[in-house]
Every structure is written in C-alpha cells, then in structure tokens.
Amino acid sequence: MYKRLRRKVKKIFRELLLYHYSSLEYRAKVLTLVVATNEEISKCELELLRKIACEIYNNDEERSEILVETVKEYFDKIITNNGLDFEHLVFQVEQETREVKRFAEKIDIEALTKFQECIDNEEDKIYQQRVLSFLADLKERYE
C-alpha cells in the first residue's frame, strides 16, 4: 500500500521528485515510439517493456515502474488524440536528441528490436522497422 501511494505521488510530481527526470521522459518517448506502431500495447510488449525498464534502471523497481507508467501515459495520449500524436512525438524525440546529445546514448537499438517478436501483423512489423531505422539513424547522427 505504501509503495503504491509513494509511486502515485512520484508520478504526479515526477518532474520535481525524480533524479534525472528528463532522461526518464526521453526514454519513455523512445519506447513509446516503438510500441505505438499498433493500436494497443499487447501483453508481450508490456512484459518486454517491464523487462527493459528493469535492465535500464538495474532492477530499481520503483523507477522502472514509473518508466512503464510514463510510456503508458504517452501511448494513451496518442491513441485518444489527447494533445499528442505519433508525428509530434517523433518530432519531440528528434528535437531533444539534437539539443541534448547525450540522449542519443540512451537509444538501445538492440533492446528496441526485441519488440519485433511481439508483432504478428506484417504491416505493423514493417512500420516498426521504419521507426527503429529512424532511431538508429538518430543515434548515429548525434552520438
């Protein structure tokens, strides 16, 4: 109960309370680009998202969960057309990478490619490959 309440408070005030908040937000945007290639986050994608978040934050459960929740928030905004669409998110990721060069190091193409296993639809798979190519190019350009 205490952990859940603490996580909710951090979620609400994450910009003020989280160490390296901008880094977490950037990672969430990159992960959202990859999982938002279809209309929903599948169980497979959600499990993989949690696994990748734990790897990123060395099993810091709280920070990992906040990353996953942030990805879900961005995804919901895209799906419900609530002030964010996919193209705008692409623009934000590119702009933030250009402005903060060290963010390019946070794009882990190998980890992101694992999401390909979760997609059955061939068109969605091709679309996701294009997103991965874009991110790989972005990483190469600004790293």
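The values are calculated or read from the model by the stated rules, or taken from the named source; none is laboratory data. From a predicted model like this one, the values you see are computed outputs, not experimental measurements. Positions of Cβ are backbone-derived with ideal geometry, glycine not excepted, and every protein chain shown enters the neighbour counts. Note: areas computed on protein heavy atoms with side chains; ligands, DNA, RNA excluded. Shrake-Rupley method; radii C 1.70, N 1.55, O 1.52, S 1.80 Å.
Overview of results
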read-out: Filter pass, residue 70 being part of a helix (DSSP H, G or I), more than 12 Å from the chain's Cα centre (by Cα), closer than 13 Å to residue 30 by Cα and β-branched (Val, Ile, Thr); value: no
read-out: Subset of the range 87-116 (residues that are at pLDDT 95 or above, charged (D, E, K, R) and under 16 Å from residue 37 (Cα atoms)); value: 114
read-out: Residue in the range 117-138 that is modelled with the lowest pLDDT, counting only those that are within 19 Å of residue 53 (Cα to Cα) and open to solvent by less than 90 Å² (accessible area, probe 1.4 Å); value: 118
read-out: Subset tally (residues that are within 15 Å of the chain's Cα centre (by Cα), among the aliphatic types (A, V, I, L, M) and assigned to a loop (DSSP other than H, G, I, E, B)) for the range 108-143; value: 0
read-out: Unmet criterion (only one of (1) at pLDDT 90 or above; (2) crowded, with 17+ Cβ neighbours inside 10 Å) for residue 84; value: (1)
read-out: Candidates 31, 18, 67, 24, filtered to the one that is at pLDDT 95 or above and surrounded by 14 or more Cβ atoms within 10 Å (Cβ to Cβ); value: 31
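Okay, residues lined up against (1) open to solvent by 10 Å² or more (accessible area, probe 1.4 Å); (2) in a loop (DSSP other than H, G, I, E, B); (3) modelled with pLDDT of 90 or more; (4) over 16 Å from residue 25 (Cα atoms):
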site: 45; (1), (2), (3), (4): no, no, yes, yes
site: 51; (1), (2), (3), (4): yes, no, yes, yes
site: 55; (1), (2), (3), (4): yes, no, yes, yes
site: 59; (1), (2), (3), (4): yes, yes, no, yes
site: 63; (1), (2), (3), (4): yes, no, no, no
site: 78; (1), (2), (3), (4): yes, no, yes, no
